[in-house]
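Undergrad: Below are the structure tokens for one structure; questions will follow.
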Amino acid sequence: MLSEEEQETLTRELARYPNRRAASIDCLMRLQESRGWLSDEALADLAPFLGSSVHELDSLATFYNRLHRRPVGRHLIRVCDSVSCWIMGSDALCAALRGRLGIDLGGTTADGRYTLLTAQCLGACDHAPVLAIDDEQHLGLEPEGLSERLDRILEGAD
């Protein structure tokens, strides 16, 4: 069941759209902000509010890489794996992060601090390779000194 606060937040979101279903993605984002991730229960709570089916919401939530259908860490690290970033060394960046964090892609550190994911494109091809921690992009990461730079970047996340 949607909490009173969630209903108020979602109602404000609805005011920006011509109809309830058009607001689906933004309402999913708001509900994720409230609950941390989008469980089956969250989708079942939201569906009648939007006049959608759980299946429709699940289709959106599994399509968009900023919506999460399982728990994630407090900080999301997304490494761009587009062609430009791959050519410029995003695979080495992923390997360094996996080693530094002790997790595989898709994993979350034991302390729940970080989840490591790939992203189709972070929109900064001219500064490849790119990673984003939460909404902050880190551009042009070079293999030389990468470990030290990653330490500084990760320390700044909290």
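Undergrad: Of the conditions (1) open to solvent by less than 30 Å² (accessible area, probe 1.4 Å); (2) part of a helix (DSSP H, G or I); (3) modelled with pLDDT of 95 or more, GLU41 satisfies every one except a single condition; which number is it?
TA: Only one criterion is unmet by GLU41, namely (1).
Undergrad: Cβ-Cβ below 9 Å, separation at least six or inter-chain, first residue in segment 106-120 and farther than 19 Å from ALA95 by Cβ, second open to solvent by 60 Å² or more (accessible area, probe 1.4 Å) and of a type in the set (Asp, Glu): which pairs?
TA: The qualifying pairs are ARG113/ASP158; GLN120/ASP81.
Undergrad: Residue under question is ALA22, and the condition is that it be modelled with pLDDT of 95 or more and not polar (S, T, N, Q); does it hold?
TA: Considered against the rule, which asks whether it is modelled with pLDDT of 95 or more and not polar (S, T, N, Q), ALA22 comes out as no.
Undergrad: Out of segment 124-145, which residues are open to solvent by 20 Å² or more (accessible area, probe 1.4 Å) and over 15 Å from the mean Cα position of the chain (by Cα)?
TA: CYS125, ASP126, HIS127, HIS138, LEU139, GLY140, GLU142, PRO143, GLU144, GLY145
Undergrad: Of everything in segment 97-115, what is closer than 17 Å to ARG149 by Cα and under 15 Å from the mean Cα position of the chain (by Cα)? Give them in sequence order.
TA: Across segment 97-115, the qualifying residue is only TYR114.
Undergrad: Next up: Given the residues THR62, THR115, THR108, which is the only one that is touching a Leu at 6+ places or on another chain (Cβ under 6 Å) and not basic (Lys, Arg)?
TA: THR115
Undergrad: Then there's this: Given (1) assigned to a helix (DSSP H, G or I); (2) over 20 Å from ARG149 (Cα atoms); (3) at pLDDT below 95, where does ARG66 come up short, assuming only one miss?
TA: (1)
Undergrad: Taking the criterion of being under 29 Å from THR108 (Cβ atoms), in contact with a Lys or Arg (Cβ under 7 Å, 6 or more places away or on another chain), open to solvent by less than 40 Å² (accessible area, probe 1.4 Å) and among the aliphatic types (A, V, I, L, M), would at least one residue in segment 11-22 satisfy it?
TA: no
The values are calculated or read from the model by the stated rules, or taken from the named source; none is laboratory data. In this text, all values refer to a predicted model and were calculated from it rather than measured experimentally. Neighbour counts are summed over all protein chains in view; Cβ atoms, including those assigned to glycine, are modelled from backbone coordinates with ideal geometry. With ligands, DNA and RNA removed, areas are computed over all heavy atoms of the protein, side chains included. Shrake-Rupley method; radii C 1.70, N 1.55, O 1.52, S 1.80 Å.
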